[in-house]
1. What is the order of K152, K186, K177, fewest Cβ neighbours within 10 Å to most?
2. Return, for the Cα atoms of the stretch 137-211, the radius of gyration and Dmax in Å, separated by a comma.
3. For the stretch 137-211, what does the relative contact order come out to in percent, with C-alpha contacts under 8 Å and a separation of six or more?
4. Net charge near Y201, counting Lys/Arg +1 and Asp/Glu -1 over other residues with Cβ under 12 Å of its Cβ?
5. Between S210 and E165, what is the label-point separation in nm under the 7 Å Cα-to-beta-carbon projection?
6. How big is D for the stretch 64-132, in µm² s⁻¹ as a whole number, if Stokes-Einstein is applied with the Kirkwood radius of its Cα pairs at 4 °C and 1.567 mPa s?
7. Note down the relative contact order for the stretch 91-215 as a percent, whole number, built from C-alpha pairs under 8 angstrom at least six residues apart.
Amino acid sequence: MPKCSKCGVDWIENYCPVCARTLEPAPPTPPTTPAPALAPIRPAAKTIEIDQKFPIEFPYNANWRIALVFTILFVGCAGGSAYSAITNHAGVIINGAITLGPVGATRFYWGFAIVMAFLALFCGVAFVSSFLWPGVLVLQADALLLPTGLRKTRIIHIPYGQILECQETEIGKQRHKALRVILRSKEYSVHATALPNPEAYAFVRKFLRSRCRRS
């Protein structure tokens, strides 16, 4: 329908009686092109929570910071007790119930010093072994390889089919977490402090619980 450019009125014919002028025919309307059909949206793939690429390895060693602190503590206790044994000339009363003379007190100090020295040696070996003999916990497709022992050099092969249950426990006043891997005749522990971080421990715990018979 033509439109008068002067008065702005649409007329059926190509003539405007108000302005007494002939109108130019309206330009043809271009054909409309239908919008292309959109491809169907596929649902996003589910997030894989546990990587299925085996083996999955984690460093598994004694926590060197804890081992160092206890080594220093036990060395101090051993040295202090040995000094008391050398310079002792009096008796001692233990917990108000046990009374020892000078000779008995000296023997008690030496005995305590020896026990502390062995504990210091134990923690010292754990500290050194975390650097010299690094252990690796391995999650295979069908079994767990768990380093054990002080130096983490003994590897225990635990098939997932033999794991009856996995229970989490807390050890000591610091409430360190450990996962008890219970078999039919024995059990082993996976300590959180031996793994590099809490996320690694949470991954191992979830993975083993998904493989055992009862979680």
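Bear in mind that the values in this text are calculations on the coordinates, not laboratory data. Just so you know, these numbers come straight off a predicted model, no measurement behind them. When we count neighbours, we look across all protein chains shown, and the Cβ atoms used for this are built from the backbone with ideal geometry, even at glycine.
1. By the 10 Å Cβ count, ascending, the order reads K186, K177, K152.
2. Here Rg and the maximum Cα pair distance are 11.9, 36 Å.
3. 20 percent
4. It works out to a net charge of +1.
5. 2.3 nm
6. It comes out at roughly 100 µm²/s.
7. In percent, rounded to a whole number, it is 15.
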